[in-house]
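First comes the structure, then the notes that go with it.
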């Protein structure tokens, strides 16, 4: 019946509302006399019926002028009581006035009782109807809203107008809000969360604290982890204020809130030094780090920004995003999208010289550890010689500053990717000591949250698909940093370099990947499936370390480190090779790559001063296939010879 009523047209709903209000006004009118006189005699009076017949249409007209019939009943709030009270107050004045002129018997207390009954009946019926509609909607999920501030209140209003969630209570840390009633919903202490979940059957907890610091949000999330509810959050305050998101756009708890930390405000002199008013080039501009560097650089207003990228789609995507950003934020920067490979030195020199590049951020590299193990020659070519060619082109073109994006895997590398990045660092250190025209520096840091190939989006996908979550080793740990923070620190570190400097970013505390998987399962409102809990939702499967993978990452080769003017940037004093010695090593590595001699290439990387201690043998897929073919051929030849030499084969007729 309720569904049928909700489905009729607005006109009919208004007619029904007017009819219902007429009946309720009549009840309030006669109820006032009955309570005051305790008799039903006025009902028999024709003059009283005439008074009521005049009062009802006047009151309905007043309600219409106040907009009471324009309100959608299922969305009315307690504000409707104010509108009804005002309308009934005017109606009461009309009642007294009409009774005086019509000379109808009207005790003074009857008008007061009429006002009270009118507000209770007219307003109460509307709120009761809203409650029935909200509770009667099938499929609406009962939710708790954590945060009773302005964002939480706006979120509650938005959810009440939707069809998906039904807010049942607020939770807030502020003691002055405890037991308050906000828009019909009580505010409770966080200590009551468990009881509220049981009482209302809550399935989700919505975080509405976008203006709080990341540290506060982390504490709140940690407090919510034990409860069997999915935790969702509203967009950040910057996105809400900037109009990039709406209050009801709920999303999974960001991994930055789980693992990140509040970033340190950038030092203007450092972040603008190599960018503002200058011609800047970013290699690997379409990658995770490269694209975020471009976003940060654009806001520092360079004269020109050259995007250099091998992937056509990657270049298209970042070019379009930056162009839209410039238009939206009214930034006047010339953006130059260029396709190319860092392994073509002539292309690099032509670009740097023609565009008169002053600052280069070299982010182009192959970073996925197992893939580089499977494609050793290409990894060496791109990471070592790509860096060498970029650096030499920069020197020849007169570039002022060259910043290499390095990695913590370059420290005592156990894989080819880390070894190539450490050798790339040695290349820049050697070139820095061999000339003074271009200032070279390197910035070394660990994993960034949400980058391509990162464990976090992989876990999200696996949880969404019902598991299992794959972890390579139960004890594996990693450093994490948000991409925006890492990019800001890279830019600032680049401004500190004097030549050949190796900067190390403060990555905070290392994180156990197994613990991260457990937390993501709990925050999705699911339970871990294990031998102890066979009825759980998501299983964690240990797959074993991949080729070249470390259990623990390091940021320093030695202990010789010193601070800088930025609290999260340190300077490492690492050993280096003179250019003369390094050049001969690079020539041998180049020849080994050209001849696809993987044994020699591995030997050269082992003898170089990289502290390279591989955990696996040579894993290059082409090399392994070549060995398999050689072994197959040798086996076939050996079998043929044995067959011809045997005396048991039959004679030929």
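Can you name every residue in region 309-322 that is out of contact with any helix residue (DSSP H, G or I) (no Cβ under 7 Å at 6 or more places or on another chain) and closer than 22 Å to residue 356 by Cβ?
Within region 309-322, 315, 319 meet the criteria.
Picking from 393, 424, which residue would you name as being within 24 Å of residue 488 (Cβ to Cβ), surrounded by 24 or more Cβ atoms within 10 Å (Cβ to Cβ) and touching a residue at least 40 places away in the same chain (Cβ under 8 Å)? Lay out the reasoning, then the answer.
Values: 393 fails: within 24 Å of residue 488 (Cβ to Cβ).
Residue meeting the stated conditions: 424.
Just checking, how many residues over region 589-618 are closer than 25 Å to residue 427 by Cα and assigned to a loop (DSSP other than H, G, I, E, B)?
Total satisfying the criteria: 12.
Just to be sure before I move on: is residue 567 within 30 Å of residue 445 (Cα to Cα) and either in contact with a helix residue (DSSP H, G or I) (Cβ under 6 Å, 6 or more places away or on another chain) or at pLDDT 85 or above (or both) in the structure I sent?
Against the criterion (within 30 Å of residue 445 (Cα to Cα) and either in contact with a helix residue (DSSP H, G or I) (Cβ under 6 Å, 6 or more places away or on another chain) or at pLDDT 85 or above (or both)), residue 567 does not qualify.
Within the bounds of region 623-635, is there any residue that is surrounded by 14 or more Cβ atoms within 10 Å (Cβ to Cβ) and either touching a residue at least 60 places away in the same chain (Cβ under 8 Å) or in a loop (DSSP other than H, G, I, E, B) (or both)? Before the answer, list the steps.
Kept after step one, since they are surrounded by 14 or more Cβ atoms within 10 Å (Cβ to Cβ), are these residues of region 623-635: 623-624.
Going one step further and asking which of them are either touching a residue at least 60 places away in the same chain (Cβ under 8 Å) or in a loop (DSSP other than H, G, I, E, B) (or both), we end up with 623.
Within region 623-635, one or more residues are surrounded by 14 or more Cβ atoms within 10 Å (Cβ to Cβ) and either touching a residue at least 60 places away in the same chain (Cβ under 8 Å) or in a loop (DSSP other than H, G, I, E, B) (or both).
Sort through 74, 70, 130, 135 and tell me the only one that's at pLDDT below 75 and crowded, with 18+ Cβ neighbours inside 10 Å.
Criteria check complete, one pass: 130.
Being touching a strand residue (DSSP E or B) at 6+ places or on another chain (Cβ under 7 Å), closer than 25 Å to residue 488 by Cα and surrounded by fewer than 16 Cβ atoms within 10 Å (Cβ to Cβ), is that true of even one residue in region 358-369?
No: zero hits.
Would you confirm, using the coordinates I've provided, whether residue 24 is over 19 Å from residue 97 (Cβ atoms), surrounded by 13 or more Cβ atoms within 10 Å (Cβ to Cβ) and at pLDDT 80 or above?
On the way: over 19 Å from residue 97 (Cβ atoms): yes; surrounded by 13 or more Cβ atoms within 10 Å (Cβ to Cβ): yes; at pLDDT 80 or above: yes.
For residue 24, the condition - over 19 Å from residue 97 (Cβ atoms), surrounded by 13 or more Cβ atoms within 10 Å (Cβ to Cβ) and at pLDDT 80 or above - is met.
Just checking, how many residues over region 319-350 are under 26 Å from residue 420 (Cα atoms), in contact with a strand residue (DSSP E or B) (Cβ under 6 Å, 6 or more places away or on another chain) and crowded, with 20+ Cβ neighbours inside 10 Å?
Qualifying residue count for the region: 1.
Residues are listed down the side, and each one gets a yes or a no for (1) modelled with pLDDT of 95 or more; (2) closer than 21 Å to residue 390 by Cα; (3) out of contact with any helix residue (DSSP H, G or I) (no Cβ under 9 Å at 6 or more places or on another chain); (4) crowded, with 23+ Cβ neighbours inside 10 Å:
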position: 268; (1), (2), (3), (4): no, no, yes, no
position: 277; (1), (2), (3), (4): no, no, yes, no
position: 282; (1), (2), (3), (4): yes, yes, no, yes
position: 289; (1), (2), (3), (4): no, yes, no, yes
position: 301; (1), (2), (3), (4): no, no, no, no
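Can you list residue pairs whose Cβ atoms sit under 9 Å apart, with the first residue in region 177-189 being assigned by TED's automatic domain parsing to the domain that holds residue 159 and the second being part of a strand (DSSP E or B) and exposed (fewer than 14 other Cβ atoms within 10 Å of the Cβ)? Count only pairs 6 or more apart in sequence or on different chains.
187/181
The values are calculated or read from the model by the stated rules, or taken from the named source; none is laboratory data. Fair warning: this is a prediction, and the values are worked out from it, not measured in the lab. A quick note on method: Cβ atoms are made from the backbone with ideal geometry, for glycine too, and the neighbour counts reach across all protein chains shown.
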